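The values are calculated or read from the model by the stated rules, or taken from the named source; none is laboratory data. What you are looking at is a predicted structure, and each value in this text was computed from that prediction instead of being measured. Note: ideal-geometry Cβ built from the backbone for every residue, glycine included; neighbour counts use all protein chains shown.
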Amino acid sequence: MTAITRDEVAHLARLSRLALGEDELDHLAAQLDQIISAVARVQEVAAQDIPPTSHALPLSNVYRADEVRPSLPPEQALGGAPAAEEQRFRVPRILGEEA
Amino acid sequence: MSTLALMDYDEAVSRYEPVLGVETHIELGTASKMFCGCATTFGAPPNTQVCPVCLGLPGALPVANRAAIEGIIKIGLALNCEIAEWCRFARKNYFYPDMPKNYQISQYDEPLCVDGHLDVEVDGETYRIGIERVHMEEDTGKSMHVGGATGRIQGADHSLVDYNRAGIPLVEIVTKPITGTGDKAPLVARAYATELRELVRALGVSDVRMEQGSMRCDVNVSLMPRGSSQWGTRTETKNVNSLRSVERAVRHEIERQAAVLASGGAVVQETRHFHEDSGTTTAGRSKEEAQDYRYFPEPDLVPMAPSREWVEELRASLPELPAARRRRVQREWNLSDLELRDVVNAGALDLIESTVKAGASPAAARKWWMNELSRRATEQGVELADLPVTPEQVARVQEMVDAGELNDKLARQVFEGVLAGEGDPDQVVAARGLKIVSDDGELAAIVDQAIADNPDVADKVRGGKVAAAGALVGAVMRATGGKADAARARQLILEKLGAS
């Protein structure tokens, strides 16, 4: 039984805005299947007494005080943008949902 | 916009039972953003409150704002929620340029606050609104659509984005399904939004200004045929940005969905957009193409585990909440349920309380705000609180009435002057010469004149018909332009005519 189907890979590609061709889907589906199967082996050693974790550090409750720090000057903030207009980031027209 | 088939509201609610849900987003009023130190000032020039963290630049790392976490826990506690002992942030992944990171930091299956309730009242009946969850997230940037006819996204050529708002702490409050409201559904939805706004305002964690977007509601509505227990397909109406619109949006969706169902059609599960101008909704994104946000625990932030000591400390710090406050003033001011409701609905509670603090009696304070000043606010089409008169000024006018320096008629003229920007009450009194005439010498001359002008009436009074004296008091009031002390004038008239 495969860990991930070709359809699922196509769905993920669409969600990630990756334009994958048919060949690439075949190729990646097989590869991803192998990768997931390999990672799944972790479950063989992860017994009940080992909680799933999302973070490498044994820390919680790290907060900062509510203090204002300097922001970037707008020209610097916009400096790396492909396009800017009226001190705003200019982006291609947005299709679909109304903001 | 296509023409919408609607069913008459009364018929709709007689045939179908609405089920509601409300999702509310509230921006917290912290000085800095949720995960970075950028300022949160409303209306700042575009992209002047941005930094590597909120722009999602490589290598930047977020750190949660402690004041925001305190704010959401206070909201959770005030809504009678359980506060999670341990929970995490999650990444909500999507491609839309309102977030420069391509994801929004939010919470998914581990919200900070769960399972609360808020009681709201409509027409004397209490509805307990269940709270499903309250979670912490960050606000998005603001887009301006350029090239379209109306600044709307349709037909736009390109969009311009300002990220000042991106990263401002945002609390999302989600109700459980609200059932059993029947024809009151739109009012219950509005009452809930109103009560929630009052509650958050009392907590002092947000300015909750719907017109500025610091509180925004999405309303879910579905209908089921009366007698059925099978819920219908729901729609989610976004962009509902005033209390009145919450009511109108629910009402409109009930009328629209009822028409669809009655004609044998099916309600489409979709996002709809509310239009303030027409009070209608139009279809947006269909849930069939619902986004898969690929949520996963946020690796850049560590879990939150609010200690029980901290939570109890925050609970102890909660101010008097609106419901308790209303019960207190009702008792202190000796109001009936109906009188209290009128005061609350008029937005006069704060004003009356401040006026009482400034020295007026509750009855007098309520009289001025609920009658004369409410009338003038209505005339001018503004909220009571936005009238250019302060509680201290109202208290001062009442002080002059209590001292016998003004009667009600003159007091109304003083308010007219204050509202017209002629200064504070004492200045208006002086400038307009509004002091009451109670000086006996001056008043006696006017009384003599009134008696001389009305010999028939005077004779009747002399003959024992004391009630007839009213006509003479009226003459005195006319002669003084309403400035006479009516009680003193009456006394003088009766003395002079030997009828006292």
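Numerical summary
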read-out	value
Exclusive hit being more than 30 Å from B:ASP183 (Cβ to Cβ), within 13 Å of chain A (Cβ to nearest Cβ), modelled with pLDDT under 95 and surrounded by 23 or more Cβ atoms within 10 Å (Cβ to Cβ), set B:MET99, B:MET34	B:MET99
Residues being over 26 Å from the mean Cα position of the chain (by Cα) and in contact (Cβ under 8 Å) with a residue 60 or more places away in the chain - total across the stretch B:32-62	13
Options B:LYS460, B:LYS435: the member that is in a loop (DSSP other than H, G, I, E, B) and either surrounded by 15 or more Cβ atoms within 10 Å (Cβ to Cβ) or modelled with pLDDT under 90 (or both)	B:LYS435
Failed item, numbered, when B:HIS25 is tested on (1) assigned to a helix (DSSP H, G or I); (2) more than 10 Å from chain A (Cβ to nearest Cβ); (3) closer than 30 Å to A:GLY80 by Cβ	(1)
Failed criterion for B:ALA156 (all others in (1) touching a His at 6+ places or on another chain (Cβ under 8 Å); (2) assigned to a loop (DSSP other than H, G, I, E, B); (3) away from every other protein chain (no Cβ under 14 Å) hold)	(3)
Given (1) within 14 Å of another protein chain (Cβ to nearest Cβ); (2) hydrophobic (A, V, I, L, M, F, W, C); (3) crowded, with 23+ Cβ neighbours inside 10 Å, index of the condition B:MET215 fails	(1)
Sole exception among (1) under 23 Å from A:ARG14 (Cβ atoms); (2) more than 9 Å from chain B (Cβ to nearest Cβ); (3) aliphatic (A, V, I, L, M) for A:ILE94, by number	(2)
Any pair with Cβ under 6 angstrom, 6 or more apart, that starts in the stretch B:4-20 at a residue that is in contact (Cβ under 8 Å) with a residue 60 or more places away in the chain and ends at one that is part of a loop (DSSP other than H, G, I, E, B)	B:GLU17/B:ARG226; B:VAL19/B:PRO177; B:VAL19/B:THR179; B:VAL19/B:TRP231
Subset of the stretch A:56-67 [facing chain B (nearest Cβ under 7 Å) and more than 26 Å from B:CYS38 (Cα to Cα)]	A:LEU57
